[in-house]
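**Q** First, the structure itself, so that you have it in front of you.
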Amino acid sequence: MPKDFGIGAPQKRREDIRFLTGRGVYTDDLKIAGQTYAVFCRSQVAHGRIVSIDTTATAAMPGVLAVFTGEDFKDVGGNPAGWLIKSRNGEPMREPKRPVLAHGKVRHVGDAYAAVIAETYQQAKDAAEQLAADTVIDELPAIVDMAAAVADASNRVHDEIPDNLCFDWGWIEDNRAKVEEVFKTAPHVTTLELVNNRLVPNAMEPRASIGEYFPGTGDYKLTTTSQNPHLTRLLVAAFVLGIPENKLTVVAPDVGGGFGSKIYHYGEEALVLAAAKKLGRPVRWTAERTESFLSDAHGRDHVTKIELACDKQGNFLAFRTETLANVGAYLSNFSTATPTFLHGTLMAGPYKVPAVYVNVKTVFTNTAPVDAYRGAGRPEATFSLERVIDKMCRELNLDPFEVRRKNFITTDMFPYTTPVGLVYDTGNYQATLDKAIEVGDVKGFEARRAESAKRGKLRGLGLSTWIEACGIAPSHLVGVLGSRVGLYDAATVRVNATGNISVMVGAHSHGQGHETVFAQIVADKLGIPEASVEIVHGDTSKIPFGMGSYGSRSLAVCGVAMTKAVDKIVAKGKKIAAHMLEASEADISFENGKFSVAGTDKAKTFGEIAFSAYVPHNYPLETLEPGLEETAFYDPNNFTYPAGAYLCEVEVDPDTGKVQVCSFTCADDFGNIMNPMVVEGQVHGGVGQGIGQALCENTHYDENGQLVTGSYMDYAMPRASDVPFYTVDYSCQTPCTHNPLGVKGCGEAGAIGSPPAVVNAVIDALHRGGIKVSHIDMPVSPARVWSAIQNA
Amino acid sequence: MPKVTMRVNGRAVSGEVEGRTLLVQFLREGQGLTGTHVGCDTSQCGACTVHVNGAQVKSCTVFALDVDGAEVTTIEGMANPDGTLGRIQQAFQDHHGLQCGFCTPGMVMAAAALLAENPKPTEAEVRHHLEGNICRCTGYHNIVKAVLAASGQDVSAIAAE
């Protein structure tokens, strides 16, 4: 029987009420007295030198209040990269300045070089059109293809970076020679060249920001679509505008999805703040969808050659990869960590492979910045591994299930140190594979295939066994790896005098359901009704600190901080109870919301203790402060390692190349589960995005650097009819060994494990139909499948 | 400026608009009904879906003046008279058919139009009907399930429950 209260209960979400009745408050829903509107002028060419911007006519247009260009921000700071990566030769990465507004050059279509502020949106938009007409930009040849960018030193995205290379990273460089030796003597080597397609995150709420300045106090307020309000405050205050951190409040109200794209600070946020100060009025901006396509940080975009060395029985001996990773025109905040430490460190998968070497060259191009998108580096690693393993199985005529099984790290091997620098604390990869085979009814596949064949369809079965490192992240470890921030999180538990509770958490919820799930945990720990607990998030003026929500870290890092703060509340409550009950503190136990003296019926309820803390008439004031509020920061000592096995069945229409996903089965190990309904929802969403990547979505820049897929008319978002009902199982649970909740994180799993399962299924279907195709790049569109069939 | 008059969620409203003012702008900015969202500029995402004289309409695609005199229903008009969640809204909550909530108003309005026309749709019919509404969070699983449940059909056999 599922629980109906607290930890583990499939509690319906309290936040749904406001979203379902139209009472959510997203940034663009706010109306502020005296507000003005910003519209940005964005480059229409991928690469060009700004010759002149004549603001005269624009400034005189109706309603125009101010015009800003890159010149206005040339003396303030740039938006920095959060991770310093070093090249194989020890040199630090190249870090060009990322200005608030482009200055000197524009470097991608959509690069903002000016902004107009006006009384109304239409006036601002009209004026921005005028300004664009009065701007002269000399177009330069666009740098779009990564290989060409590195090969041609004459054409540079940043004039000071000769080969367009940000860094050339080896992981682990000391293993390079050893891995080469393995490949020289290996009985079999499988090689696969593949593309991990560039994706646009496409949170349904476009980015939006409102800047306010209060001259009476000198305070600023930024309301913005952020997954990460504290980091945004830090970046805007300390790095870009030089505002004292304590004079800036950042609020992220209801946020309509993020998927990575709203982790980062963007120039528009700095602009609305600077403009608000100059005008003394609120300044607002909301992206149009095409603006989002052009200027949100994109995801993925790797070109990889992966090699697998093994014996003839399919025992893995080594993996080796060479990857070109696109960072676009500027370094977004996490862009240098994504293709390196979120990718290379996962390149051993759940396998006991003895030798791995990863090389990543990260390249500047005249395209939008690329950064972490749901999964961030780990989907790229998983896709490369799971595709090359499938190819090897076909080459050696081995069963892909058995090959994975025999290479799995086994349960007796934990903690397991991989050759790429991680220590997996626990897992059971055999169990999730067995569960997927059972739940996905692999036994019945042949009958389903025969039925499909009767209808002229080719049916295929694809498998992917994945692992990720999340709960990002242990600061001591990421510090060594180049992170410029700590990745702990924080929470304050405030017990109010009437006994109800406000919990201020650093994690931000933009769909994950923290308001419900975090309250379940606190209520469970304190033995009080969930309705007594309120979760407060997304406001730097209310919350102690936080590093935001991404990397499946909300529960595994912030949730743990919250439980540690609860533990402190209980500890203080015991002291108060001991005094009130005239007992020794050591004799006080706390259970089901009651502090009791062991072996007696003397007890005080949680509410009585809370009241006493605020009305301390009978209270140990000489040794204990009144009040009942505790804060905890939690820095994990390892990543968490969710893992699982995914099965996909597809039907391919050999006449049209159309692929239909018939079923998708997930067997995951997320450790302990706090709310199964929410976990299922997270997996569904991830799988939906993974199927989107595998079959539909592609971000296409043409040779001139024009984004051809810049709207929903051109970019194929998965729709309801593109996906099936999914089967999600999370019954295999090996609790995380190093956090007290035993949780691992489930937000990214679906997006990590699903793309290779889909593509493996398509290749399997084609082979079963006698069509010997070894690989099709994503998206596996009807055109690509049809061409592959014709060329086979 | 021309004046437009309509009934929104049963209430007579009017306001001055420009010729180019979209219905969604009139609702959000003129009437403060910010439950109707704008997620794209090309009538693709469906977050702005409302009902005009009972028909499902993307409010970013019609001018406010074009619906002069019409009966408009938005997400704010979908709850029961006592303020509790309506049948479709309740099914969305019961089956976790929403996450970030941004596409949700459009999904509910689209589902309501479907069920008015086809009270017992099949799974395929639900998926087909939601073709014009994009969700990035849920992978559609629980949205489709919620719509089927709202139609009174038994969804207990649907996977992952």
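The values are calculated or read from the model by the stated rules, or taken from the named source; none is laboratory data. Please read these numbers as outputs of a predicted model, since none were measured by experiment. Neighbour counts run over all protein chains shown; Cβ positions are idealised from the backbone, glycine included.
**Q** Specify the residue that is nearest to A:HIS47 (Cα to Cα); the eligible residues are those in region A:122-160 that are part of a helix (DSSP H, G or I), touching an Asp or Glu at 6+ places or on another chain (Cβ under 9 Å) and touching a residue at least 40 places away in the same chain (Cβ under 8 Å). Please lay out each step first, then the result.
**A** Restricting attention to region A:122-160, the residues satisfying the condition of being part of a helix (DSSP H, G or I) are A:122-133, A:146-151.
Going one step further and asking which of them are touching an Asp or Glu at 6+ places or on another chain (Cβ under 9 Å), we end up with A:122, A:131, A:146, A:149-151.
Right, trim to touching a residue at least 40 places away in the same chain (Cβ under 8 Å) and you get A:131, A:146, A:149-150.
Numbers: A:LEU131: 19, A:MET146: 15, A:ALA149: 13, A:VAL150: 16 Å.
Only one residue fits best here, namely A:ALA149.
**Q** For region B:61-110, name all the residues that are surrounded by 24 or more Cβ atoms within 10 Å (Cβ to Cβ) and not in a helix (DSSP H, G or I).
**A** Of everything in region B:61-110, those that are surrounded by 24 or more Cβ atoms within 10 Å (Cβ to Cβ) and not in a helix (DSSP H, G or I) turn out to be B:VAL72, B:THR74, B:HIS95, B:HIS96, B:GLY97, B:LEU98, B:GLN99, B:CYS100, B:GLY101, B:PHE102, B:CYS103.
**Q** If you don't mind, there's one more thing I want to ask. Which condition number does A:CYS666 fail, the rest of (1) touching a helix residue (DSSP H, G or I) at 6+ places or on another chain (Cβ under 7 Å); (2) in contact (Cβ under 8 Å) with a residue 24 or more places away in the chain; (3) within 13 Å of chain B (Cβ to nearest Cβ); (4) farther than 17 Å from A:VAL759 by Cβ being met?
**A** With respect to (1) touching a helix residue (DSSP H, G or I) at 6+ places or on another chain (Cβ under 7 Å); (2) in contact (Cβ under 8 Å) with a residue 24 or more places away in the chain; (3) within 13 Å of chain B (Cβ to nearest Cβ); (4) farther than 17 Å from A:VAL759 by Cβ, A:CYS666 is out only on (4).
**Q** Oh, and also: Filter region B:18-60 down to the residues that are surrounded by fewer than 21 Cβ atoms within 10 Å (Cβ to Cβ) and of a type in the set (D, E, K, R) and list them by number.
**A** B:GLU18, B:ARG20, B:GLU29, B:ASP41
**Q** Among strands (runs of 3 or more DSSP E) lying entirely in region A:604-718, which contain 3 or more residues that are over 30 Å from A:PRO735 (Cα atoms) and in the same structural domain as A:THR465 (by TED's automatic domain parsing)?
**A** A:643-652, A:659-669
**Q** Identify, please: which residue in region B:26-84 is of a type in the set (D, E, K, R) and more than 11 Å from every other protein chain (Cβ to nearest Cβ) and is, among those, nearest to the chain's Cα centre (by Cα)?
**A** B:LYS58
**Q** Okay, moving on. Condition (residue is closer than 30 Å to A:ILE137 by Cα and more than 14 Å from every other protein chain (Cβ to nearest Cβ)) applied to region A:8-23: is it met by at least one residue? I'd like the intermediate steps shown before the answer.
**A** Taking region A:8-23 as the starting set, the residues that turn out to be closer than 30 Å to A:ILE137 by Cα are none.
No, region A:8-23 contains no residue that is closer than 30 Å to A:ILE137 by Cα and more than 14 Å from every other protein chain (Cβ to nearest Cβ).
**Q** Then there's this: For region B:10-25, what are the residues that are at the interface with chain A (Cβ under 10 Å from one of its Cβ atoms) and assigned to a loop (DSSP other than H, G, I, E, B)? Outline the logic, then answer.
**A** To start, the set of residues in region B:10-25 that are at the interface with chain A (Cβ under 10 Å from one of its Cβ atoms) comprises B:18, B:20-21, B:25.
Passing the criteria: B:GLU18, B:ARG20, B:THR21.
**Q** crowded, with 24+ Cβ neighbours inside 10 Å, within 14 Å of chain B (Cβ to nearest Cβ) and in contact with an Asp or Glu (Cβ under 8 Å, 6 or more places away or on another chain): which single residue out of A:GLY538, A:GLY551, A:GLY546, A:GLY513 fits that description? Break it down stepwise before answering.
**A** Details: A:GLY538 fails: in contact with an Asp or Glu (Cβ under 8 Å, 6 or more places away or on another chain); A:GLY551 fails: within 14 Å of chain B (Cβ to nearest Cβ); A:GLY546 fails: within 14 Å of chain B (Cβ to nearest Cβ).
Selected residue: A:GLY513, the only one of A:GLY538, A:GLY551, A:GLY546, A:GLY513 that is crowded, with 24+ Cβ neighbours inside 10 Å, within 14 Å of chain B (Cβ to nearest Cβ) and in contact with an Asp or Glu (Cβ under 8 Å, 6 or more places away or on another chain).
**Q** Does A:SER509 count as within 30 Å of A:GLU608 (Cβ to Cβ), of a type in the set (S, T, N, Q) and not assigned by TED's automatic domain parsing to the domain that holds A:THR656?
**A** The answer is no for A:SER509.
**Q** So, one more: If I filter region A:218-234 for residues that are more than 28 Å from A:TYR488 (Cα to Cα) and in contact (Cβ under 8 Å) with a residue 12 or more places away in the chain, do I get at least one hit?
**A** So the first thing to find is which residues in region A:218-234 are more than 28 Å from A:TYR488 (Cα to Cα), and the list is A:218.
From what is left, the residues that are in contact (Cβ under 8 Å) with a residue 12 or more places away in the chain are A:218.
Within region A:218-234, one or more residues are more than 28 Å from A:TYR488 (Cα to Cα) and in contact (Cβ under 8 Å) with a residue 12 or more places away in the chain.
**Q** Mind checking which pairs have a first residue in region B:133-149 that is more than 7 Å from every other protein chain (Cβ to nearest Cβ) and a second that is buried (at least 24 other Cβ atoms within 10 Å of the Cβ) and among the hydroxyl-bearing types (Ser, Thr, Tyr), Cβ under 8 Å, 6 or more apart or different chains?
**A** B:ASN133/B:THR49
**Q** Taking A:ARG394 as the residue in question, decide whether it is surrounded by fewer than 18 Cβ atoms within 10 Å (Cβ to Cβ), over 16 Å from A:ASP764 (Cα atoms) and either in contact with a helix residue (DSSP H, G or I) (Cβ under 9 Å, 6 or more places away or on another chain) or in contact (Cβ under 8 Å) with a residue 60 or more places away in the chain (or both).
**A** Working: surrounded by fewer than 18 Cβ atoms within 10 Å (Cβ to Cβ): yes; over 16 Å from A:ASP764 (Cα atoms): no; either in contact with a helix residue (DSSP H, G or I) (Cβ under 9 Å, 6 or more places away or on another chain) or in contact (Cβ under 8 Å) with a residue 60 or more places away in the chain (or both): yes.
No: the conditions fail for A:ARG394.
**Q** Another question about this same structure. Restricting region A:201-213 to residues that are assigned to a loop (DSSP other than H, G, I, E, B) and buried (at least 24 other Cβ atoms within 10 Å of the Cβ), which is farthest from the other protein chains (Cβ to nearest Cβ)?
**A** Checked region A:201-213; the qualifying residue farthest from the other protein chains (Cβ to nearest Cβ) is A:ARG207.
**Q** Turning to a different aspect of this structure: Across region A:153-187, what is the total count of residues that are of a type in the set (D, E, K, R) and over 21 Å from A:GLU91 (Cα atoms)?
**A** 4
**Q** Can A:VAL566 be described as within 14 Å of chain B (Cβ to nearest Cβ) and either in a strand (DSSP E or B) or among the hydrophobic types (A, V, I, L, M, F, W, C) (or both)?
**A** Spelling it out, it is not the case that A:VAL566 is within 14 Å of chain B (Cβ to nearest Cβ) and either in a strand (DSSP E or B) or among the hydrophobic types (A, V, I, L, M, F, W, C) (or both).
**Q** Another one. Within region A:34-66, which residues are over 30 Å from A:VAL708 (Cβ atoms), in a loop (DSSP other than H, G, I, E, B) and in contact (Cβ under 8 Å) with a residue 60 or more places away in the chain? Step through it out loud before you land on a result.
**A** Kept after step one, since they are over 30 Å from A:VAL708 (Cβ atoms), are these residues of region A:34-66: A:34-36, A:54-57, A:59-66.
Still in the running and in a loop (DSSP other than H, G, I, E, B): A:34-35, A:54-55, A:60-63.
Hits for region A:34-66 are A:GLY34, A:GLN35, A:ASP54, A:THR55, A:MET61, A:PRO62, A:GLY63.
**Q** Residues in region A:482-504 that are in a strand (DSSP E or B) and among the basic types (Lys, Arg): how many?
**A** Looking only at that region, the number is 1.
**Q** What number of residues within region A:733-792 are of a type in the set (Val, Ile, Thr) and assigned to a helix (DSSP H, G or I)? Before the answer, list the steps.
**A** Filtering region A:733-792 down to residues of a type in the set (Val, Ile, Thr) leaves A:734, A:737, A:743, A:752, A:758-759, A:762-763, A:771, A:773, A:776, A:780, A:785, A:789.
Filter once more, keeping what is assigned to a helix (DSSP H, G or I): A:752, A:758-759, A:762-763, A:785, A:789.
So the count comes out to 7.
**Q** Given the conditions (1) crowded, with 20+ Cβ neighbours inside 10 Å; (2) in the same structural domain as A:PHE334 (by TED's automatic domain parsing), and given that A:LYS454 satisfies all but one, which numbered condition is not satisfied?
**A** With respect to (1) crowded, with 20+ Cβ neighbours inside 10 Å; (2) in the same structural domain as A:PHE334 (by TED's automatic domain parsing), A:LYS454 is out only on (1).
**Q** With A:ALA792, A:ALA765 as the choices, which residue is at pLDDT below 95, over 26 Å from the mean Cα position of the chain (by Cα) and farther than 24 Å from B:GLY39 by Cα?
**A** Every option except A:ALA792 fails the conditions.
**Q** In addition: Can you tell me which of (1) more than 22 Å from A:TRP83 (Cβ to Cβ); (2) assigned by TED's automatic domain parsing to the domain that holds A:VAL683 is the one A:MET504 doesn't meet?
**A** (2)
**Q** Does A:PHE595 satisfy the criteria of being buried (at least 17 other Cβ atoms within 10 Å of the Cβ), at negative phi, of a type in the set (A, V, I, L, M, F, W, C) and over 34 Å from the mean Cα position of the chain (by Cα)? Write out each step before concluding.
**A** On the way: buried (at least 17 other Cβ atoms within 10 Å of the Cβ): yes; at negative phi: yes; of a type in the set (A, V, I, L, M, F, W, C): yes; over 34 Å from the mean Cα position of the chain (by Cα): yes.
Taking the combined requirement at face value, the residue satisfies it.
**Q** Looking only at residues in region A:674-718 that are among the acidic types (Asp, Glu) and facing chain B (nearest Cβ under 10 Å), which one is surrounded by the most Cβ atoms within 10 Å (Cβ to Cβ)?
**A** Filtering region A:674-718 down to residues among the acidic types (Asp, Glu) leaves A:680, A:697, A:702-703, A:714.
Checking which are facing chain B (nearest Cβ under 10 Å) leaves us with A:680, A:714.
Working: A:GLU680: 24, A:ASP714: 16.
Restricting to residues being among the acidic types (Asp, Glu) and facing chain B (nearest Cβ under 10 Å), the top hit is A:GLU680.
**Q** Considering (1) within 11 Å of another protein chain (Cβ to nearest Cβ); (2) in contact (Cβ under 8 Å) with a residue 60 or more places away in the chain, say which one A:SER721 fails and leave the rest.
**A** Checking A:SER721 against (1) within 11 Å of another protein chain (Cβ to nearest Cβ); (2) in contact (Cβ under 8 Å) with a residue 60 or more places away in the chain, the one that fails is (2).
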